[in-house]
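One structure is given here, and the rest of the page talks about it.
The values are calculated or read from the model by the stated rules, or taken from the named source; none is laboratory data. Model, not experiment: these values are computed from the prediction. Positions of Cβ are backbone-derived with ideal geometry, glycine not excepted, and every protein chain shown enters the neighbour counts.
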Amino acid sequence: MSITGAAVALELEVEQTLPMPLTGGLRCGPGELVALVGPSGAGKTSMMRVLAGLMRPERARVVVGQEVWCDTAQGIFLPPQRRHVGLVFQNYALMPHLSALGNVALSLLHLPTAERAVQARRWLDHVGLTQEQQSRRPSQLSGGQQQRVAVARALAREPRLMLLDEPFSAVDQMNRQGLYRLLADLRRELSVPIVLVTHDLNEARMLADRLVVMDAGQVLQQGTPASIHNAPRNARVADLVGIHNRFEGVWLGPDETTPGLGRLRWLGSGAAEEADNTAMPVLTVRDKGRIPPGQAVSWVIPSDGVTLVGERDRSEAGDLSAQVIEARHLGEISLITLVLADAPGTPMMLTLSGVQRLDLAVGNTVEVRLNLDLVHVMPRRSR
């Protein structure tokens, strides 16, 4: 049994309008895990089907290592059976009449019969199933155990690319944590690219080296989870990756006293838009020199950029008074929603841990400090 091999990388570029729009590309290095995220209908599964050879695209190029799997310009299109892809599906896709051992052995038909059982048992040992569990049929296994069989079956093909399509969504939380640990262990041993499709943003951020954010068949942005969360390309990306603290504003232009800084007027939302926005705060934030004065913008600040300070400590430009309107205590963390006195109609969310959160209740007045160095400003496009 071999779980390692020559390190290979994946490169994909695709552009098509039919049978559904699909535009963009991705790269995934050896042993790297890239997560495709986006709403239903974003094109995540279609992108995976292109990689697996289950869909022939209008225009695309797929290269794994030194092998060209698809190049429509040159008329190259390898069928799925020649691509050596390990597929793990949401619904396991196991043969119900076969044991776990028999299911894995199906991936080893190129070996002599006696050798298939030996290799299948080794792979099932590797993913943590006991010999007694290996003899059971899928209906006699838990969801987490069935998914381990599916992983073993995919690995038994000694794939050059692993594709995981919502692999943990049908598994309860306790089994899901065990599968996360299994995937982390396998990644240390695998030298092949891994592409994960998931709707769970927390799962994507926890497991992936890089995110590929998709919407309406188009790749909008890709990068590390931290880079996308701190600097989304536009407001749509901010929404898709679950950034709660996104606000509207007007870019006033460069700061006259400090090079590299600019002035941002915070605009209200909802009913507050009817009010005089000149009374809203003006924030001094980083200026990359790309936004003209008067441009309507959206801006975000990560939760790490929002902290609570004591009233007597309020001294900086980013310090504001606020009132707690919702406090949800979830075990070791609390989700706090505030309304800022200086910015009416603009709720702000904090995620807190530690003893500080225990004293917060609805109706409390608090002082909030914004780390203005972490504010990211995006031009707002007119529709």
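Tabulated data
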| quantity | calculated |
| --- | --- |
| Unmet requirement for residue 330, which otherwise passes all of (1) more than 29 Å from residue 260 (Cβ to Cβ); (2) in contact with a helix residue (DSSP H, G or I) (Cβ under 9 Å, 6 or more places away or on another chain); (3) at pLDDT below 85 | (2) |
| Residues of region 50-81 classified as β-branched (Val, Ile, Thr), touching a residue at least 40 places away in the same chain (Cβ under 8 Å) and within 23 Å of residue 107 (Cα to Cα), total | 1 |
| Residue match in region 193-212 (condition: within 30 Å of residue 234 (Cα to Cα), among the polar types (S, T, N, Q), surrounded by 20 or more Cβ atoms within 10 Å (Cβ to Cβ) and in the same structural domain as residue 69 (by TED's automatic domain parsing)) | yes |
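Residues are listed down the side, and each one gets a yes or a no for (1) within 14 Å of the chain's Cα centre (by Cα); (2) in a strand (DSSP E or B); (3) closer than 30 Å to residue 380 by Cα:
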| residue | (1), (2), (3) |
| --- | --- |
| 179 | no, no, no |
| 192 | no, no, no |
| 222 | yes, yes, yes |
| 229 | yes, no, yes |
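Condition check ((1) among the aliphatic types (A, V, I, L, M); (2) at pLDDT 95 or above; (3) in contact with a His (Cβ under 7 Å, 6 or more places away or on another chain)) across all residues:
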position: 4; (1), (2), (3): no, no, no
position: 8; (1), (2), (3): yes, no, no
position: 21; (1), (2), (3): no, no, no
position: 29; (1), (2), (3): no, no, no
position: 37; (1), (2), (3): yes, yes, no
position: 45; (1), (2), (3): no, no, no
position: 53; (1), (2), (3): no, yes, no
position: 59; (1), (2), (3): no, yes, no
